[in-house]
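Worksheet: one structure, shown below.
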Amino acid sequence: MSGDIVTILRAWGKLDDRDAQRAQGLVISSGEPLHRVLCRLGLVAEADVARALAEMLNLPLATRADYPPSPVLADRLTPAFLQTYRVLPLADAADHAVIAMADPLDRETMRALEIRLGKALHARVAVPAELQQQIARLYGQAVEAAVDTGQATGGADLERLRELASEAPVIRLVNRLIEQAVAARASDIHVEPEASDVRIRLRIDGVLREAEVIATGRHLALVSRVKILSGLDVVERRLPQDGRFQTSVEGRAIDIRVSCLPTVHGESLVLRLLDKASAPLDLARLGFTDAVRAKLETVLAEPHGILLVTGPTGSGKTTTLHAALQRLNTGERKLITVEDPVEYQAPGVRQIQVRPQIGLEFATALRSILRHDPDVIMVGEIRDTETARVAVQAALTGHFVMATLHTNDAAGAVTRLGDMGIEPYLMTSSLKAVLAQRLVRTLCPACREPYREPAPAVRALGLDRLSGEANPRLYRARGCAACGGTGYAGRLCVAELLPLSDAVREAVLARADTTAIERIALAEGMQTMRVDGLLKALAGVTSIADVLRATQGD
């Protein structure tokens, strides 16, 4: 070896004593290798760390010219293995294979590769961002389009963007934004370029809040860094792109889904964050009342039929479906999903990502799923007549189907299926229940303040009838340090569940409208979303203002 990595980086003027001590302290507390800590914190550019590792270990540095035009040893090593262990075969000879490695100190992966390939390895040190981009080119979206990213878009431009993306300041910026979003419990990071600067906003409890403004000059590097992390085409700026990557914040695994959209001032990014440790994939934790949850679990116990979950975008439908899926995932059933996109990755469940660009639509995937003998099928969204018909047919042939649908309320789902051409007799034979939901913000328990509404408002909302008091005590948002001044901390569901009772089935067969179906359901005890929300407001969980905002028009 030619000295340790800190000595080399200091000699090059890439690392000062203070940053070296900070990194070595984190190595002790986290157990993570020093070179990874340096990159993760953005203290040193990835390219410089890779160059230092190459010098320290007396290994060659992988250059752009070293990466193959097509996959090498693809029959022996899966893309998942390459992505997970950050390696890529560069060449294959009779007695050895040349392998690019982001972490050449990972001896276990080296041994695994030697055993798998049955030959000696000649390692080269790879810049992690470059390696990930090459894996994506060879095995990801670029392969489906049969396009070599470097050749199609210009090698010089690609190299410049890679260099920008691997510089320490942009690594620190991206890491800081993600850490800030996780600390604030944000669900999304929005990067929005404008004429003179770039706005960065966080969606917290469903509401966008400005986090910071950065200079336009930093926008290209930020976008390039995110694209490389998520395996996207770095130099394609004319078309929308979608990708994903995983990172770790304070030991917590965070899945990040990336959407890139071209706008007149540059590419706009949305990063959706999913904290695997805190995602409440449990019906009891989503905010459903005991009565709704009990009825929902009765429906989930059915051997076949359809459960629909309805509501607008951002109302928590996918989370509810995955919580129901987890409830059914006991190991005794085969569960298959078809989604767009796959937001939650569920162990033990076969999940399919639709790809309209190659003809893999919901209906196409559903037909194929039926030949795999599933017990439970989850459909991300019923968007068209063809998907609706296949879902109904699956339910009628002994499968339990769960799906989302865009309607304002539970009764409206029946009308929507009718508009899609599903005959009433097919609906009554297959549909078991419709769950409609919205998300309301929960009041911060540290600063919520009690108050009483004026008597006319109490009567207009029916709060006197619901509470049994003429002027019940309510709570409203105030704002404190604990909740970031918003007065709210977290969200929960307000919902209405419409089971297909005999009376409702008769109304459907008679082609009754939405109002008539809802009237029957209410007479049978269904609570509307607004009533559910008002009861939660009376319990001090949320505010009247947020309930009215979420259920406006219902």
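The values are calculated or read from the model by the stated rules, or taken from the named source; none is laboratory data. Worth saying up front: this structure is predicted, and the values here are computed from it rather than measured. Positions of Cβ are generated from backbone atoms using ideal geometry, with glycine treated the same way; all protein chains shown enter the neighbour counts. These area figures cover heavy atoms from the full protein model, side chains too; ligands, DNA and RNA do not enter into them. Shrake-Rupley method; radii C 1.70, N 1.55, O 1.52, S 1.80 Å.
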For this session: Taking Arg505 as meeting all but one of (1) in a helix (DSSP H, G or I); (2) in contact with a Phe, Trp or Tyr (Cβ under 7 Å, 6 or more places away or on another chain), write down the number of the exception.
Result: (2)
Exercise. Quick check, is Ile189 under 30 Å from Arg257 (Cβ atoms), outside any loop (DSSP other than H, G, I, E, B), at pLDDT below 90 and in contact with a helix residue (DSSP H, G or I) (Cβ under 8 Å, 6 or more places away or on another chain)?
Worked result: no
Exercise. What residue, of Val354, Val376, Val309, Val349, is among the aliphatic types (A, V, I, L, M) and closer than 17 Å to Arg244 by Cβ?
Worked result: Val354
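Would you confirm, using the coordinates I've provided, whether Ser224 is surrounded by fewer than 20 Cβ atoms within 10 Å (Cβ to Cβ) and not in a loop (DSSP other than H, G, I, E, B)?
Working: surrounded by fewer than 20 Cβ atoms within 10 Å (Cβ to Cβ): no; not in a loop (DSSP other than H, G, I, E, B): yes.
For Ser224, the condition - surrounded by fewer than 20 Cβ atoms within 10 Å (Cβ to Cβ) and not in a loop (DSSP other than H, G, I, E, B) - is not met.
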Problem set entry | Scan of the range 415-447 for residues that are within 30 Å of Ala537 (Cα to Cα) and among the hydroxyl-bearing types (Ser, Thr, Tyr), ordered by number | Thr442
Problem set entry | Yes/no for Glu343 being touching a strand residue (DSSP E or B) at 6+ places or on another chain (Cβ under 6 Å), of a type in the set (Asp, Glu) and either open to solvent by less than 10 Å² (accessible area, probe 1.4 Å) or in a loop (DSSP other than H, G, I, E, B) (or both) | no
Exercise. Touching a strand residue (DSSP E or B) at 6+ places or on another chain (Cβ under 8 Å) and within 22 Å of Val226 (Cβ to Cβ): does that describe Leu77?
Worked result: no
Seminar exercise, completed: Taking the range 439-459 and the residues there that are more than 30 Å from Lys317 (Cα to Cα) and outside any strand (DSSP E or B), the one that is least open to solvent (accessible area, probe 1.4 Å) would be Val458
Exercise. Which one is farthest from Ser501 (Cα to Cα) among residues in the range 290-319 that are in contact with a Ser or Thr (Cβ under 9 Å, 6 or more places away or on another chain) and of a type in the set (Val, Ile, Thr)?
Worked result: Thr318
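Just checking, which of Arg448, Arg511, Arg452 is more than 38 Å from the chain's Cα centre (by Cα), more than 24 Å from Thr320 (Cα to Cα) and in contact (Cβ under 8 Å) with a residue 60 or more places away in the chain?
Within the list Arg448, Arg511, Arg452, the selection yields Arg511.
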Seminar exercise, completed: For the range 460-475, the count of residues that are exposed (fewer than 15 other Cβ atoms within 10 Å of the Cβ) and either of a type in the set (A, V, I, L, M) or more than 42 Å from the chain's Cα centre (by Cα) (or both) equals 5
Exercise. Only one of these conditions is not met by Ala126: (1) open to solvent by less than 50 Å² (accessible area, probe 1.4 Å); (2) modelled with pLDDT under 90. Which number is it?
Worked result: (2)
Exercise. Is it fair to say Ala365 is open to solvent by less than 10 Å² (accessible area, probe 1.4 Å), free of Cβ contacts under 8 Å to residues at least 40 places away in the same chain and of a type in the set (A, V, I, L, M)?
Worked result: yes
For this session: Output the qualifying pairs, or none if there are none: Cβ atoms under 7 angstrom, residues six or more apart or on different chains, first residue in the range 252-264 and basic (Lys, Arg), second residue open to solvent by 70 Å² or more (accessible area, probe 1.4 Å) and assigned to a strand (DSSP E or B).
Result: Arg257/Arg244; Arg257/Arg272
For this session: Would you check if there is a residue in the range 361-368 being within 23 Å of Arg327 (Cα to Cα) and either assigned to a strand (DSSP E or B) or among the aliphatic types (A, V, I, L, M) (or both)?
Result: yes
Problem set entry | Residue satisfying condition, being more than 17 Å from the chain's Cα centre (by Cα), hydrophobic (A, V, I, L, M, F, W, C) and surrounded by fewer than 20 Cβ atoms within 10 Å (Cβ to Cβ), within set Val292, Val264, Val309 | Val264
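Taking Arg491, is it under 27 Å from Ser315 (Cα atoms), open to solvent by 40 Å² or more (accessible area, probe 1.4 Å) and in a strand (DSSP E or B)?
Yes; evaluated as a whole, the condition is true for this residue.
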For this session: Can you tell me which residue within the range 234-256, out of those that are of a type in the set (Lys, Arg) and assigned to a loop (DSSP other than H, G, I, E, B), is least open to solvent (accessible area, probe 1.4 Å)?
Result: Arg237
